[in-house]
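Below is one structure, written out as structure tokens; comments come after it.
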Amino acid sequence: MPLSFTTDPVTVTVPATSANLGPGFDSLGLALALHDEVTAEVTPAGCRVRVEGEGAGELPTDERHLVVRAMRATFDVLGAQPTGLTVRCRNRIPQARGMGSSSAAIVAGVHLARGLVTDGAERLDDAAVLRLAAQIEGHPDNVAPCLLGGFTIAWTGAEGAHAVSLPPLPQVRPTLFVPAGRGLTAVARAALPAAVPHADAAFNAGRSALLVAALTRDPALLFAATEDRLHQDYRAAGMPETAELVARLRADGVAAVVSGAGPTVLALTEPPAECGSDPGWSRRSLAVDVDGARVNRGRLGIAERGPVAAGRKS
């Protein structure tokens, strides 16, 4: 059946995310109540992007923008490209800080493209949205909570990415310490060794399992559950201020970790009031986003969302 496009704009609201959460490297993630809002519509020709807020004046405003690149990849999967596009981004998620700004852009782009095709949901179901977003990103740990909301466990099988979402306890109130300086995921990944000791892998497997229980059943376990031996120490030399803050918080008994690839620090238990007053750091207390990506059709729109995974939310 030939592809047809809607004449109405589509708006997607996507949350920030924190991945890894200490031991859950490339698998665990948490959605945060800080959102980008992206609107797109089909035009007769060309590609125009307007960026407001975070990244304004820095991010590309043409085909190079990550939202557009994700849209183009999705249109290819759906079967045709539109004549032109206009995209407007209202960004609140800090760029290159380990809070999932790139995953938010990718998830927004995939949902926007699907929403602009009249039968997009039939051509690309929710499970396929997750697989495609993870394929574009390269790993599913950020795109999964961005799509699903809540606390997510993601994995990759022969056919691609899958994820489940679990509701964290209401006592889990993330605090983030966001530095002025930026980090690059590619640089952080380059610091990781090709192999790790078997004992360290076993240690992290146990802590990752414990973290599921800590976030969903017993927050008293969070400090022990956020210990890590797979990635944070290897990356410490590249972001010494982040490593120092994590160490200082943990010395005070706070369940603190590097957020994603950094340099933001995530605390899953309440940090001392004086923390975050250091020059160069911004302290933010955020709720957990339990909804994930939300799609609105038309200029006013009616919210549409369903579980995005291999079937449903848990």
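The values are calculated or read from the model by the stated rules, or taken from the named source; none is laboratory data. Quick caveat: nothing in here was measured; it's all calculated off a predicted structure. So basically every Cβ, Gly included, is an ideal-geometry build from the backbone, and we count neighbours across all protein chains shown. Accessible surface is based on the protein model in full, side chains and every heavy atom, while ligands, DNA and RNA are left aside. Shrake-Rupley method; radii C 1.70, N 1.55, O 1.52, S 1.80 Å.
Worth a mention:
- Considered as a group, the residues in the range 76-92 that are touching a Gly at 6+ places or on another chain (Cβ under 7 Å) and open to solvent by less than 50 Å² (accessible area, probe 1.4 Å) include one that is nearest to Q135 (Cα to Cα), and that residue is L78.
- In the range 147-172, the residues that are within 25 Å of V295 (Cα to Cα) reach residues that are among the basic types (K, R) and modelled with pLDDT of 95 or more with C-beta atoms within less than 9 angstrom, at least six apart or across chains, in these pairs: G160/R131; A161/R131; H162/R131.
- Screening the range 86-103 for residues that are in contact with a His (Cβ under 8 Å, 6 or more places away or on another chain) and in a loop (DSSP other than H, G, I, E, B) and picking the one that is farthest from G22 (Cα to Cα) gives R92.
- Options A154, A127, A195; residue that is closer than 22 Å to T264 by Cβ and out of contact with any Gly (no Cβ under 6 Å at 6 or more places or on another chain): A154
- Screening R189 against (1) of a type outside the set (A, V, I, L, M, F, W, C); (2) outside any helix (DSSP H, G or I); (3) within 18 Å of the chain's Cα centre (by Cα) leaves a single unmet condition, (2).
- Residue within the range 234-254 that is open to solvent by less than 40 Å² (accessible area, probe 1.4 Å), under 22 Å from A134 (Cβ atoms) and not basic (K, R) present: no
- Residue identified as among the β-branched types (V, I, T) and touching a helix residue (DSSP H, G or I) at 6+ places or on another chain (Cβ under 7 Å) among V51, V42: V42
- Extreme residue, farthest from V246 (Cα to Cα), among residues of the range 38-58 that are small (G, A, S) and surrounded by 15 or more Cβ atoms within 10 Å (Cβ to Cβ): A40
- Scanning the range 104-129 for residues that are open to solvent by 20 Å² or more (accessible area, probe 1.4 Å) and either among the charged types (D, E, K, R) or part of a helix (DSSP H, G or I) (or both) yields a count of 8.
- For the range 288-295, the count of residues that are under 14 Å from the mean Cα position of the chain (by Cα) and either at positive phi or open to solvent by less than 10 Å² (accessible area, probe 1.4 Å) (or both) is nonzero.
- Scan the range 208-231 for residues that are surrounded by fewer than 21 Cβ atoms within 10 Å (Cβ to Cβ) and either among the polar types (S, T, N, Q) or assigned to a helix (DSSP H, G or I) (or both) and the total you get is 10.
- The range 1-37: number of residues that are more than 27 Å from F203 (Cβ to Cβ), open to solvent by 30 Å² or more (accessible area, probe 1.4 Å) and among the acidic types (D, E): 2
- Scanning the range 255-287 for residues that are in a strand (DSSP E or B) and surrounded by fewer than 16 Cβ atoms within 10 Å (Cβ to Cβ) returns S282, S285.
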